[in-house]
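The values are calculated or read from the model by the stated rules, or taken from the named source; none is laboratory data. The shown structure was predicted, so the numbers you read here are calculated from the model rather than taken from an experiment. Neighbour counts are summed over all protein chains in view; Cβ atoms, including those assigned to glycine, are modelled from backbone coordinates with ideal geometry.
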């Protein structure tokens with residue numbers, strides 16, 4: 001049995017209109033193996049995992065599960081057969097409770113005479129959450145009131161209703177705080193010990209090396225190589241992903257705050273509300289200001305408060321001339337753009353077209369005679385910025401839901417660049433994207449800085465914070481704890497002690 005693959009895919013191909021997402025991909029994953037799956041955005045990773053998990057159907061090719069023909073009709077069907085998956089973006093139903101999400105499709109076991117026993121449902125869901133090590137999420141809470149990280153843990157619990165034979169993790173660790181990552185890593189180790197298998201998708205090379213036994217690389221929908229335990233050289237993996245040599249360091253190579261003036265452009269004064277407690281700072285013209293902290297420190301909420309998405313209990317956000325910024329409308333009107341960590345639900349209209357998303361903040365600018373917008377003007381704006389950012393797309397009418405994570409991120413940037421924004425609030429700007437797109441976003445940030453634009457970059461990745469920021473403010477338990485200036489000698493350890 002040990003020589004029989006848990007999952008075997010043979011000649012899998014998939015197209016979306018004229019776009020070839022996968023071409024003749026074949027691979028096998030064996031019992032007790034943690035297989036990494038890596039590739040640039042658009043390489044086919046998520047498409048392949050969606051086919052294996054029953055969320056998509058292949059155009060060509062076959063699959064086997066433990067040597068038997070395997071063709072799941074739905075994700076529920078796949079789960080019943082032992083294949084579970086947690087996805088990169090939102091995989092829960094926002095309008096029902098956490099417990100109902102966990103047992104979605106299996107509610108009948110809690111029904112009697114046609115009535116649902118909610119108490120029993122909540123109790124069993126709580127037991128399942130405790131089984132994976134989570135005790136602080138009330139199961140009766142409607143999911144839209146949970147944080148992005150809490151929703152991910154609900155998905156993990158749902159996947160472990162039945163211990164999966166094959167557990168697929170699609171870029172989920174980037175959405176989880178440190179505690180959540182440790183929970184997930186622990187579950188993966190348990191599965192390996194029990195002879196189960198994991199397909200682990202990540203853009204983080206260090207994480208792949210630490211978690212996975214073997215790594216398969218996809219590029220442009222084709223399988224390029226599978227590397228064994230002793231072949232997982234980080235530089236080799238990067239080169240195979242992009243088809244060229246990748247420089248070891250793609251952050252800024254200057255250690256002076258060049259291009260940064262002393263003129264303030266945005267003032268945050270004694271901001272309090274929710275998790276945030278009396279945070280103040282001044283953003284300067286031409287500055288990249290890094291905000292560093294743990295995922296649950298309140299720093300993500302801070303970005304939303306500055307943009308006007310969350311209410312303030314006290315304090316003030318204003319431009320240098322005193323103009324208040326207290327709603328998203330005011331922020332956009334005053335050339336402030338916001339990229340949320342939760343890209344699909346807070347940064348874009350996922351079901352709408354690329355063009356609609358890019359032009360949305362610029363509609364007032366495109367008006368003629370105060371009310372009329374020509375289709376040609378919208379198309380020209382979207383075409384210009386999608387071209388400048390090299391968005392991989394079928395056409396401007398393509399739904400954003402069909403794009404890879406990196407191309408979605410480019411669309412979010414395109415809409416704020418197209419609006420001529422002067423201030424950019426970027427919350428985890430490189431979450432869930434590949435090396436090539438990371439390089440492109442860092443280049444854009446440096447170019448914006450040279451133009452005198454200002455950036456607030458919120459990130460959980462300390463190498464990114466240190467590598468790109470002129471100044472760094474650490475946040476712990478909603479409070480600012482320390483400020484650092486850009487320095488060649490600054491290390492992660494210097495910063496961590498003020499975050500934990």
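Of note, residue 211 satisfies the criterion of being surrounded by 20 or more Cβ atoms within 10 Å (Cβ to Cβ), at pLDDT 90 or above, in contact with a strand residue (DSSP E or B) (Cβ under 8 Å, 6 or more places away or on another chain) and within 22 Å of residue 34 (Cα to Cα).
Taking the condition crowded, with 17+ Cβ neighbours inside 10 Å, in contact with a strand residue (DSSP E or B) (Cβ under 6 Å, 6 or more places away or on another chain) and either closer than 22 Å to residue 423 by Cα or in contact (Cβ under 8 Å) with a residue 12 or more places away in the chain (or both), does residue 362 pass? Answer is no for this residue.
Of the residues making up segment 51-79, those that are surrounded by fewer than 16 Cβ atoms within 10 Å (Cβ to Cβ) and either touching a strand residue (DSSP E or B) at 6+ places or on another chain (Cβ under 9 Å) or touching a residue at least 12 places away in the same chain (Cβ under 8 Å) (or both) are 57, 59, 60, 62, 67, 69, 71, 73, 74, 76, 77. Consider residue 402 carefully, then state whether it is touching a helix residue (DSSP H, G or I) at 6+ places or on another chain (Cβ under 9 Å) and either modelled with pLDDT of 90 or more or crowded, with 16+ Cβ neighbours inside 10 Å (or both). In short, no. For segment 139-151, indicate whether the set of residues that are in contact with a strand residue (DSSP E or B) (Cβ under 8 Å, 6 or more places away or on another chain), over 29 Å from residue 212 (Cβ atoms) and surrounded by 18 or more Cβ atoms within 10 Å (Cβ to Cβ) is non-empty. Yes, the conditions are met somewhere in segment 139-151. For segment 208-224, the set of residues classified as under 24 Å from residue 192 (Cα atoms), part of a strand (DSSP E or B) and in contact with a helix residue (DSSP H, G or I) (Cβ under 8 Å, 6 or more places away or on another chain) consists of 214, 215, 217, 218, listed by residue number. On the basis of being under 27 Å from residue 296 (Cα atoms), in a loop (DSSP other than H, G, I, E, B) and in contact with a strand residue (DSSP E or B) (Cβ under 9 Å, 6 or more places away or on another chain), does residue 85 make the cut? So residue 85 does not fit the description; no.
Taken over segment 225-236, the criterion of being part of a helix (DSSP H, G or I), at pLDDT 85 or above and either outside the structural domain of residue 197 (by TED's automatic domain parsing) or farther than 25 Å from residue 186 by Cα (or both) is satisfied by 236 alone. Against the conditions (1) touching a strand residue (DSSP E or B) at 6+ places or on another chain (Cβ under 7 Å); (2) farther than 25 Å from residue 241 by Cα; (3) part of a helix (DSSP H, G or I), residue 499 satisfies every one except (3). Is it true that some residue in segment 321-332 is in contact with a strand residue (DSSP E or B) (Cβ under 6 Å, 6 or more places away or on another chain), more than 22 Å from residue 448 (Cβ to Cβ) and not in a helix (DSSP H, G or I)? Checking segment 321-332: at least one residue is in contact with a strand residue (DSSP E or B) (Cβ under 6 Å, 6 or more places away or on another chain), more than 22 Å from residue 448 (Cβ to Cβ) and not in a helix (DSSP H, G or I).
Within segment 485-500, can one find any residue that is under 23 Å from residue 343 (Cβ atoms) and touching a residue at least 40 places away in the same chain (Cβ under 8 Å)? No, segment 485-500 contains no residue that is under 23 Å from residue 343 (Cβ atoms) and touching a residue at least 40 places away in the same chain (Cβ under 8 Å).
For segment 109-138, the set of residues classified as touching a residue at least 12 places away in the same chain (Cβ under 8 Å) and either within 17 Å of residue 180 (Cα to Cα) or part of a strand (DSSP E or B) (or both) consists of 126, 128, 129, 131, 132, 133, 134, 137, 138, listed by residue number.
Does residue 458 satisfy the condition of being under 18 Å from the mean Cα position of the chain (by Cα) and assigned by TED's automatic domain parsing to the domain that holds residue 474? Yes; evaluated as a whole, the condition is true for this residue.
One residue alone among 439, 464 is under 16 Å from the mean Cα position of the chain (by Cα) and touching a residue at least 12 places away in the same chain (Cβ under 8 Å), and that residue is 464.
Being in contact (Cβ under 8 Å) with a residue 60 or more places away in the chain, part of a loop (DSSP other than H, G, I, E, B) and over 26 Å from residue 231 (Cα atoms) is a property that residue 164 has.
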